[in-house]
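Data first, discussion second: the structure below is written as structure tokens.
The values are calculated or read from the model by the stated rules, or taken from the named source; none is laboratory data. What you see is a predicted model; the values in this text were computed from it and never measured. As a convention, Cβ positions derive from the backbone with ideal geometry for all residues, glycine included, and neighbour counts pool all protein chains shown.
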Amino acid sequence: MARGLLEDDHEWRICLEEAIAMQPGMACCQLLAVILLTDEVAEPYLLWDQFKAGLCDDVKHKLHHMNYYQADQEIPEDDVYDYSLWDLNRILVEMGRSLTDFPPMPFPQQQWAHRIPNSLLQAEQYNVDEMATLVDEQRAIFNPDQAAAFDAILESITNNQGYLFFIHAVGGCGKTFLCNTIAVEVRRRGQIVLCVAPSGIAALLLDGGRISHSCFKISLSIHEDSVAGLKCNSYMFPVLQQTKVIIWDKVSMQHKYDKVFIQTFGLACEVCVEVSPLCSLPTIVCEVADSVVCQVAMLPSFNSL
């Protein structure tokens, strides 16, 4: 290695040194996860051991902020490093890997998942009073077609019917406006709605919108037998269990095999119900792109608006 005949981790060290000098530990921890995922790190444990102080520089503040420790309580250094390892492993798990794939990396000893609140569930908490005001303002300017679609979709949500709706109209007719109003109404009730779209620009038009590939872990290289990468131990699983409605914008722009995933998504939700009988089958609202006629396999509950 000294003679340059074998690869070392010099470039990764330079990368982390520069990142730690400019970024907080949380961001650097995400960077380390990306570096590990390249599978080009010769000695991952030495990389962690050298930079763990910089990777954990904001962990004490984070643990105090979450009220896990008292404000004047000193946090043991071992707990700081253990939490950072847990956070690093959480990031890797969301990407389909774990610390066990990179021996001899240490593994967290404490069960932080039972102590730390789910950040994805926290992100779905909205001000109910603001949502109520907003939904009243938006419903007041509905046209008759929007009002009819809104009432039909809300009936499915209220009665836990788990219907699949497709909204199709030319551009400028207010499809996205309708979808956002549905999302606001569901959030006004203190319930969870997932708004997704196949592209970043389309997702920005939705309140709380996310890219569908990121939200449901859909692979970019997809084929007929592809499945979503969602796992039962991920942060996303309890969110799906509590989701009342999924709004999928520009659904006809998804890959043709993505649509197979959409059609079988109800089955995945039924699995969630079997795991936790308290959750219900979500209603799915799909907005079809402008001037596109989408032929979809008939599901047990199918409505076209």
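Below, the figures for the structure above:
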| quantity | calculated |
| --- | --- |
| Count of residues meeting criterion [surrounded by fewer than 16 Cβ atoms within 10 Å (Cβ to Cβ) and within 10 Å of the chain's Cα centre (by Cα)] in the range 212-229 | 1 |
| Residue in the range 196-206 that is surrounded by fewer than 18 Cβ atoms within 10 Å (Cβ to Cβ), part of a helix (DSSP H, G or I) and in contact with a helix residue (DSSP H, G or I) (Cβ under 8 Å, 6 or more places away or on another chain) present | no |
| Inter-residue pairs, beta-carbon under 6 Å, first not assigned by TED's automatic domain parsing to the domain that holds Asn180 and in the range 123-148, second assigned to a loop (DSSP other than H, G, I, E, B) and surrounded by 12 or more Cβ atoms within 10 Å (Cβ to Cβ), 6+ apart | none |
| Check on Leu164, crowded, with 21+ Cβ neighbours inside 10 Å, more than 24 Å from Met95 (Cα to Cα) and of a type in the set (A, V, I, L, M) | yes |
| In the range 56-110, residue nearest to Ser234 (Cα to Cα) [restricted to those that are basic (Lys, Arg) and touching a residue at least 60 places away in the same chain (Cβ under 8 Å)] | Arg90 |
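Residue by residue, here is whether (1) touching a Ser or Thr at 6+ places or on another chain (Cβ under 7 Å); (2) in a loop (DSSP other than H, G, I, E, B); (3) modelled with pLDDT of 90 or more; (4) farther than 30 Å from Ile218 by Cα holds:
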position	(1), (2), (3), (4)
Tyr81	no, no, yes, yes
Leu92	yes, no, no, no
Arg97	no, yes, no, no
Pro117	no, yes, no, no
Gln122	no, no, no, no
Gln125	no, yes, no, no
Leu134	no, no, yes, yes
Phe142	no, yes, yes, yes
Leu154	no, no, yes, no
